[in-house]
Amino acid sequence: NKQVILKHHVSGFPKETDFELRTSSINSKVPEGSNGVLLQSLYLSVDPYMRLRMRRMEDPGHYFTSFTPGSVIDGGGVGRVLDSRDPNFKKGDLVRGMIGWEEYTLVTAPETLYKIEHNDVPISYYTGILSAVGLTAYVGFFEVCSPKKGEYVFVSAASGAVGHLVGQFAKLAGCYVVGSAGSKEKVDLLKDKLGFDEAFNYKEEEDLNATLKRFFPEGIDIYFENVGGKMLDAVLLNMRTHGRISVCGMISLYNSDQPEGPKNIMSLVYKRIRMEGFMVRDYYSFYPKYFDWVLPYIREGKVIYIEDIVEGLESCPDALIGLFKGRNIGKQVIRVAYE
Ligand code: NDP
């Protein structure tokens, strides 16, 4: 059983040497006395928050449970049941949930697994648009921002897993949407394929405040925040009165031990802005409503879902590091085995 281990807690930019590939043996049956489920891993989700789990629990501002050095990394994924002592799962079932970065994984808390019911979409979608990633885009936009037709929406990390969905959801809501991303290829994708009204490469803009004034001469009603840092500061100067900022994440701060807050925070007062953070885990009860809403759009091709699938468990560390270099386009997924 090939496994990816975190060697030690990490500060600063993560490196491949922070991880180790190990091979261990695993029983082909769930041990007696356990109510666990044994899975073959098929697809693994690679997500920015995993970097936060590489920090020490004692680090200031810690929220997520840290990975234990020397242990297998875990995260979202899709697997096939090989053996089960839980009556809700049987051999051959496809499931999504928290699974190990390993070829075979014994899930000892089967209540965290969900059976995959729909079989007319690729099952890798259950690591992204049909998992917490898609739900994040849905609740972070509709529930947190209460969008109205015709409003001006700005999305950062717009070609990423969450961002490319938020932009398309905002178009479905009748908004005007601009996205920022880190390369020409990504900008072209947003404009030419995903229906964004405008997009720009933030790495080529010297003065983000001026850039946003150019794209939003009348100001921004809704900002979907994925990156933090300089972008948030520029956005704060360009919000409209009574604008909303949905704080989904701030990836530009994840490798910093002492991240700095925004300088233009007083704009919240002057412009009566509502800035609200959210955690998708508080919204899991929205899954049925979200699935009913999004599945027809996927089937009709009205929401385009982009995956960046890399082969092989050993690619996991490099793919995780790649998120912080902007290498992924769309959702970063690892294919461990074919269905
Ligand atoms: P993405 O697929 O968007 O991947 C990360 C992207 O972020 C990169 O491709 C890169 O794109 C961009 N990026 C990386 N470093 C920086 C930087 N220093 N400054 C600006 N942009 C950077 O990841 P996700 O869609 O999975 O996650 C997006 C955000 O949503 C993250 O902040 C994540 O933590 C958050 N999140 C929050 C959840 C919640 O419950 N609140 C749930 C899920 C995700 P580029 O080329 O544009 O630079």
Query raised in the report: Of all helices (runs of 4 or more DSSP H) completely enclosed by the stretch 255-339, which ones contain at least 1 residues that are of a type in the set (Gly, Ala, Ser) and closer than 30 Å to Asp192 by Cβ?
Result: 316-323
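Rundown of residues vs (1) more than 18 Å from the chain's Cα centre (by Cα); (2) surrounded by 22 or more Cβ atoms within 10 Å (Cβ to Cβ); (3) in a strand (DSSP E or B), yes/no style:
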| position | (1), (2), (3) |
| --- | --- |
| Glu117 | yes, no, no |
| Asp120 | yes, no, no |
| Tyr125 | no, yes, no |
| Ile129 | no, yes, no |
| Tyr138 | no, yes, no |
| Val144 | no, no, no |
| Val153 | yes, yes, yes |
| Ala157 | no, yes, no |
Requested in this report: For the stretch 95-116, indicate whether the set of residues that are among the basic types (Lys, Arg) and either in the same structural domain as Asn238 (by TED's automatic domain parsing) or over 20 Å from Val280 (Cα atoms) (or both) is non-empty.
Outcome: no
**Report entry** Matching option when the condition is free of Cβ contacts under 8 Å to residues at least 12 places away in the same chain and on the phi < 0 side of the Ramachandran plot, among Met275, Met250, Met239, Met266
**Finding:** Met266
Query raised in the report: From the set of residues in the stretch 278-313 that are among the hydroxyl-bearing types (Ser, Thr, Tyr) and within 21 Å of Val46 (Cα to Cα), which is farthest from the ligand (Cβ to nearest atom)?
Result: Tyr287
Query raised in the report: What residue, of Gly174, Gly163, is within 16 Å of the ligand (Cβ to nearest atom), closer than 19 Å to Gly195 by Cβ and not assigned by TED's automatic domain parsing to the domain that holds Gly326?
Result: Gly163
Query raised in the report: Can you tell me which residues in the stretch 149-160 are touching a residue at least 40 places away in the same chain (Cβ under 8 Å) and either touching a Cys at 6+ places or on another chain (Cβ under 6 Å) or more than 16 Å from the ligand (Cβ to nearest atom) (or both)?
Result: Glu151, Tyr152, Val153
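The values are calculated or read from the model by the stated rules, or taken from the named source; none is laboratory data. This is a predicted model, so every value here is computed, not measured. We place every Cβ from the backbone using ideal geometry, glycine too, and count neighbours over all the protein chains shown.
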